[in-house]
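One structure below.
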């Protein structure tokens, strides 16, 4: 019996009209559907369902809101791929494309949570950036050999001279002939070349004079170092063999570009200390000089130095026993060791000394000292090492801090996304796949962060390069391929290490742990992990804060030390008069003229000249006999008097010196003009208060004589004290007060150091312009070698402390930031986990404030454990830096208390947000979640 | 909102599981599959054609099942579906996930252990 049934096909076709299928496919689908409906209808009839109902029931099979759309989607759309295909162990090709898919997927996931992306990238950047910069410093000082020099690790620094018992060194210059003699005996040393630095006045016909860093070198200098040339060549042997040398000069790439921006430099004429020299070559831009920290601008043949330095006519050439150099660079022969070279060198020098002729007599005491590896000046190596160690230590600490915080962030993220992961697992994603995803995310984040960190390092370089580090020279952060490699390695390491914990968590994630939030097993273990991380962060931050406060206080104390002078508004100027062939007499006259004209300028309060200024740390010494010793050594040999004498600091000054330095005249007066500029025995002296006490037991010593034993070419003599002035701290503020004696300016014709001092209420730049104007009126060819305000000089002396305070301050700030973020996340997570409990409590009558307290308990717990830990770490750590502190003990109570309170405040503040949110939760909503 | 998203995904997942398991041991056509679901679930589950076939076509496009027109002498041609090798892997994974899910539900609705 054929039951009556509607024409299904037409109905189906009508409904499929909007699907847009190909006619052939549409026919197939219609056929399949029609069969289904027929079967259904027959079944229903067979079961005894009335016809009408059967039809209606059958028709219901077609019911769907957008039937055509569903069919279209299923037939036409590409297979959906939001869930990862659950296949494990794919073949290699698919593995690679799978990896790329993971990375793209991770990138998408990261973009969806910009907060996390920013926080994690910033954390990596801020912790790796300074570290990379610190490694850049180590690179500059130690790892990166002299740039532009071939194998500096096979070279050594050799100094000729004698060492005193106290460890100071007196150099002795070696003639070329003697050098050749020694060289002939050496097999372990392949080449020797000499170098010495000199300040040079450089001028062009068309440009104002400037002071540049010049080096006198032997002709073979560039060959021995393996320096390449951008233009021209180095020196030929014949250019450094005749007395006086040849007037040729090699320029550095930077100087050449600055002098001759529009054309080649080779062949041009420049004025070196007023003498015409021809440029024969320009070094490649990578070569910066033969000593780290002392960039070189130009090089001159060694034998030209007496000419260039304008020595008197009689001493224009070197004698048979001396030459231009005491400082040499040697290159080892292949296979030789530094020890062998050292031994051979000493033997060669001794052989010279054994010759028993007057010219080589000095080699019986003068010995070569070999320092392995060219690079830093030997005296600077210890300083450099300490400096680098400090920076690297800070960097390491920062990385640890950042790593802790990053781990925190990732764990939080994986817990939050646990549900998502759980469902994926349910649909077939393997644990391995999820681990790969997590890894991809971590690597992306750490990669981005490391890039940003490199940016931070580059910014640090831009900011700090060129600053002068006391004892070393010009600071530089050396960024090269080594640094990039380290940055990448750090990024990868950080990324992989950190994703380990959350990835394992993700892999182990079971539906049990995540879909049902009331289950605590998974969250409890992550909660413990996060709490420990927060405690560690807190402790480290506290330690850093204590350190920062100690250093900041040290700096403050140092700045506040009464130096005995009034620094404000005082500028100092030095002129390169030696380079202009100024005789000592001309120099003195120059200053006399200057001091006559400058005081009349508006805004200038006082002008003076002196050998030295305080704070810079340079000292001259004189011996002075206290009255008792003066009396007891009358008539005795001078050596006795010299030994019995007191060593005091000395300075030659013009009358207005004390006023310009803001010093007080306690008794008597300053020099008159008549007493100044007198050569020979000084007609009068002024002494510091402490010296007056030491010599005479009273500060009023006016009229008393000061006795000088024979020294400096003058016989033993007395000079009357005409004034007593306030004490001054010479050198670093942390040094004790020293005795100072002031002599009239211009007295010793051989003194080489002069400085102009100007006290003015006008801004330093205006003062400089004023001085420049007056100086060029007196001598247009004389450049200003250096001008600095006294405040700047003090800052330079305090540079190390400033770096300490800054570095630790920044670190502490960062540490706080990271700790705050960590605590915030921790408290937020714990609060979220306990939402149901809070809802119940609120429903049962708890006040919001009680909920806040409950949440804050976690924060307080972290403080309770973290603070003591941090304080102990701080106490231990501060012992390590005790020597760098001034005016404060490592265990200063105030600092520790302030730091702890600050930290506690930050922690509470960071927790308030989540706590308040927890207390505001609506119990009804919370209880309905499941 | 997270709850509804999961629910839809789970429903989809379970439907796929059902279909794959029904074509695991032998190939079947669409109505056969629908009927079996209704019988074996004792009427609890009923798949309308409008929902079933889009699902079948989707599984087919993913390569988990394979559809062919079969002609038997004397009868109209029918489209039958059988499981593929990849489909078998998917089925195994789905089964594992489903069992875990069921255990979880039981634990929650039953005694809460920890």
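Taken together, the values in this text are just the output of simple stated rules run on the coordinates, not laboratory data. Predicted model, so just to flag it, every value in this text is computed and none were measured. Glycine also receives a Cβ, built like all others from the backbone with ideal geometry; neighbour counts cover every protein chain displayed.
With the alpha-carbon atoms as the only input, what is the per residue convex hull volume for segment A:112-152 in Å³? Provide the component values of the computation, followed by the final result.
Values: hull volume 3.1 nm³, N = 41.
Per-residue hull volume (Cα only) is 75 Å³.
Note on segment B:27-73: Cα-only Rg and Dmax are 11.9, 36 Å.
Expressed in nm², what is the orientationally averaged projection area of the convex hull enclosing the Cα positions of segment A:230-374?
For the Cα atoms of segment A:230-374, the hull's average projected area reads 11.1 nm².
Helix A:67-76 and the longest principal axis of the C-alpha atoms of chain A enclose an angle of approximately 50°.
Can you give the convex hull volume of the alpha carbon atoms of segment A:137-265 per residue, in Å³? Don't skip to the answer; put the middle values down first.
Numbers: hull volume 23.4 nm³, N = 129.
Expressed per residue, the convex hull around the Cα atoms of segment A:137-265 is 182 Å³.
Sort out for me the Cα centre separation of segment A:601-615 from segment A:352-372, rounded to whole Å. Here the answer is 46 Å between Cα centres. Spatial offset of segment A:216-252 relative to segment A:298-344 amounts to 13 Å, using the alpha carbon center of each. Global size of segment A:233-282: 11.2, 35 Å for Rg and Dmax (C-alpha atoms, Rg to one decimal, Dmax whole). Straightening the chain between residue A:665 and residue A:679 buys 2.6 nm, computed as 0.36 nm per residue apart minus the Cα-Cα spacing. Taking B:17, B:36, B:45 in turn, the Gaussian network model of chain B (Cα-Cα springs below 10 Å) assigns the largest fluctuation to B:45.
Based on C-alpha pairs under 8 angstrom that are at least 6 apart in sequence, segment A:256-297 has a relative contact order of 26 percent.
Set the Förster radius R0 to 35 Å, insert the Cβ-Cβ distance between residue A:532 and residue A:853 as r into 1/(1 + (r/R0)^6), and round the FRET efficiency to 0.05. Intermediate results must be reported in sequence, preceding the final value.
On the way: r = 23 Å, r/R0 = 0.66.
According to the calculation, E is roughly 0.90.
Give the average over all directions of the projected area of the C-alpha convex hull of segment A:725-793, one decimal, in nm². Before the final figure, lay out each step's value.
Values: hull surface 27.1 nm².
Orientation-averaged projected area of the Cα hull: 6.8 nm².
By other beta-carbon atoms within 10 Å, ranking A:71, A:477 with the fewest at the front produces A:477, A:71. Spacing of the modelled spin labels on residue B:105 and residue A:916, each 7 Å from Cα toward Cβ, amounts to 4.3 nm. Between the helical axis of A:893-919 and the longest alpha-carbon principal axis of chain A there is an angle of about 20 degrees.
Could you state the orientation-averaged shadow area of the convex hull built on the Cα atoms of segment A:335-382, in nm² to one decimal? Intermediate values should be presented prior to the final figure.
Working: hull surface 17.5 nm².
Directional mean of the projected Cα hull area for segment A:335-382 stands at 4.4 nm².
Find how many whole Å separate the alpha carbon centroid of segment A:653-687 from the alpha carbon centroid of segment A:277-297. Taking the Cα centre of each part, segment A:277-297 and segment A:653-687 sit 44 Å apart.
Please state the shape class of segment A:194-287: rounded when a/c is under 1.5, otherwise prolate if a/b exceeds b/c and oblate if not, all from the C-alpha gyration tensor. In terms of gyration-tensor shape, oblate.
Across the alpha-carbon atoms of segment A:809-930, the computed radius of gyration and Dmax are 18.8, 63 angstrom.
Look at the alpha carbon pairs under 8 Å that are at least 6 residues apart: their mean separation over the length of segment A:176-288 gives a relative contact order of 26 percent. Averaging 1/r over each pair of different alpha-carbon atoms in segment A:107-193 and inverting the result gives 18.7 Å, the Kirkwood hydrodynamic radius.
Rounded to the nearest 500, the 222 nm mean residue ellipticity of chain B from helices alone is -21000 deg cm²/dmol, with -39,500 (n - 2.57) taken per DSSP H run of at least 4 residues. With each label modelled as a point 7 angstrom along the Cα→C-beta vector, the residue A:846-residue A:107 pair spans 4.6 nm. Angle, helix A:51-60 long axis vs. longest principal axis of chain A, Cα atoms, 0 to 90°, nearest 10? It works out to around 10 degrees.
Shielding of B:61-71 by partners, i.e. mean partner chain Cβ atoms within 10 Å per residue? Numbers along the way, then the final one.
Working: counts 7, 4, 1, 1, 0, 0, 2, 0, 3, 0, 0.
Whole-number average of other-chain Cβ neighbours for B:61-71 is 2.
Residue ranges A:391-404, A:121-134 sort as A:121-134, A:391-404 when ordered by packing (mean number of other C-beta atoms within 10 Å per residue, highest first).
Using C-alpha pairs under 8 Å with a sequence gap of at least 6, the mean separation divided by the residue count of chain A gives a relative contact order of 14 percent. Convex hull volume of the C-alpha atoms in segment A:290-419, normalised per residue: 214 Å³. For chain B, a Kirkwood hydrodynamic radius built from all Cα pairs, placed in the Stokes-Einstein relation at 37 °C and 0.692 mPa s, yields a translational diffusion coefficient of 210 µm²/s.
Per the Cα gyration tensor, segment A:844-901 maps to an equivalent ellipsoid with semi-axes of 37, 11, 5 Å, ordered largest to smallest.
Using just the helices of chain A, give the 222 nm mean residue ellipticity in deg cm²/dmol: DSSP H runs with n ≥ 4 each add -39,500 (n - 2.57), and the total is spread over all residues, rounded to 500.
Rounded to the nearest 500, it is -16500 deg cm²/dmol.
Computed over the alpha-carbon pairs of segment A:685-772, the distance histogram in 10 Å steps reads 14, 32, 34, 15, 5 percent, short to long. The base-10 log of I(q)/I(0) for chain A, evaluated at q = 0.06, 0.09 Å⁻¹, reads -0.66, -1.12 [Debye formula, identical scatterers on Cα atoms, solvent excluded].
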